[in-house]
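Reviewing the structure listed below.
The values are calculated or read from the model by the stated rules, or taken from the named source; none is laboratory data. Fair warning: this is a prediction, and the values are worked out from it, not measured in the lab. When we count neighbours, we look across all protein chains shown, and the Cβ atoms used for this are built from the backbone with ideal geometry, even at glycine.
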Amino acid sequence: MSTFSSLEVRKISETEVEISAEVSAEHFTSYRPSAVKKLSQEVSIDGFRKGHIPEAVLVGKVGESVVLHEMAEAALSDVYPEILREKALKAIGAPKITLTKLAHGNPLGFKVEVTFLPEVALPDYREIAKKIASLPREPILVSDEETETILTDLRKNWGKTEARGARQETRDKRQGDEEKETEAPLPELTDAFAGKIGGFKTVAELRAKIAENLKEEKVARQKEKKRAALIDELLAKTPFPVPDMLVAAEKERMMAEFKGNITRMGVAPDEYFLKLKKTEDEMKKEWGDTAQKKVRIQIILDEIGEKEKLVPEEKEVQAEAERIMKAFPGADRHRARSYVEGILGNEKVFEFFEEHGKSSTVE
């Protein structure tokens, strides 16, 4: 049996509604004993122990209004989720609650403004996965020239490192005299050099490892390209309104990540913004389309993950969350865990697509 009546839901926007309803006087009154007990444990009155203050004395001290508001808070904490379930609303963020009727012995009247996730009509994502998987694959080849380019870069970087060390040693001996920097000689490509670079026994072994790494990079890029095509197809076939609240939250997340990257480069964010001649708000405004796209992608992936019951393993979540906490000791543990759950959850969805697409092409 419903604990509320006179329920009305008025649409404010595509992702916001105003809910108005009443809790019967009888049901509202049932919250009075627990409200009085809670307040008696919080209020100090001379001559009475906390938790054992008579109701009349307590009301005389704090006022009837305080008791009624405590009752309303407790009642709404039960009634509000019940309304959301009945109306199948996926609320996000804190609701804005206004009490419209609050008096002893009367029904509790209230209005709630809430942002909700829109209904997402998913396309046939299995067919989309099959379509993307059937796209022709580019041959993954690593040329000798590519390998030699990387090998030459390694030699140049190693030569510069050794030259810097030699110059520092010379300056130390000359007590700070300036030494003009010259072009570092290219180290000879020998088995000894291969050993210095990464413990390789021979140059051939080093070349083979470089070629292997280049191939892995190309495989990863091809995989990301397919995933991007999949995302584009899902976005094109899944139109729905995006709550402004989520876009704003994504902009904040992007800004925090942006500042973190700048700081790790040794640049103060404020100084960077001055050089850029832009404010944080101006940058966030420029990120509007990108932030909205990211939110839309995440909502779609979440919907698919929920429908297919794709959940990352708890041990994976814990291990990755711990790794983040060690790398960033000041990070909020709850946020780190939520971030990890999101990343691993997305990976589960993509793996589902890739496995389904693979099996479909085989069939």
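Brief remarks on what is shown
- First in region 1-22 and surrounded by 15 or more Cβ atoms within 10 Å (Cβ to Cβ), second anywhere and modelled with pLDDT under 90 and assigned to a loop (DSSP other than H, G, I, E, B), Cβ under 6 Å, 6 or more apart: Thr15/Pro118; Ala21/Phe4
- For region 116-136, the criterion of being over 30 Å from Leu234 (Cβ atoms), surrounded by 18 or more Cβ atoms within 10 Å (Cβ to Cβ) and modelled with pLDDT of 90 or more is satisfied by no residue at all.
- Test: residue in region 292-303 that is modelled with pLDDT of 90 or more and not in a helix (DSSP H, G or I): no
- For region 96-148, the tally of residues that are basic (Lys, Arg), more than 21 Å from Phe350 (Cα to Cα) and under 35 Å from the mean Cα position of the chain (by Cα) stands at 2.
- A single member of Glu316, Glu347, Glu341 is acidic (Asp, Glu), touching a residue at least 24 places away in the same chain (Cβ under 8 Å) and surrounded by 15 or more Cβ atoms within 10 Å (Cβ to Cβ), and it is Glu341.
- Pair list, Cβ under 6 Å, 6 or more apart: region 201-215 residue in contact (Cβ under 8 Å) with a residue 40 or more places away in the chain, other residue not aliphatic (A, V, I, L, M): Leu206/Phe200; Arg207/Thr147; Ile210/Thr147; Ala211/Thr147; Leu214/Glu146
- Number of the condition not met by Thr147 [criteria: (1) among the polar types (S, T, N, Q); (2) without any contact (Cβ under 8 Å) to a residue 60 or more places away in the chain; (3) more than 28 Å from Phe4 (Cβ to Cβ)]: (2)
- Of all the numbered requirements in (1) free of Cβ contacts under 8 Å to residues at least 12 places away in the same chain; (2) part of a loop (DSSP other than H, G, I, E, B), Glu127 misses one, and that requirement is (2).
- All of (1) at pLDDT 95 or above; (2) closer than 30 Å to Ser143 by Cβ; (3) not aromatic (Phe, Trp, Tyr) hold for Leu234 with one exception: (2).
- Filter result for Glu282 (modelled with pLDDT of 90 or more, over 22 Å from Ala121 (Cβ atoms), of a type outside the set (Gly, Ala, Ser) and assigned to a helix (DSSP H, G or I)): yes
- Against the criterion of being assigned to a helix (DSSP H, G or I), touching a residue at least 12 places away in the same chain (Cβ under 8 Å) and touching a strand residue (DSSP E or B) at 6+ places or on another chain (Cβ under 9 Å), Ile83 qualifies.
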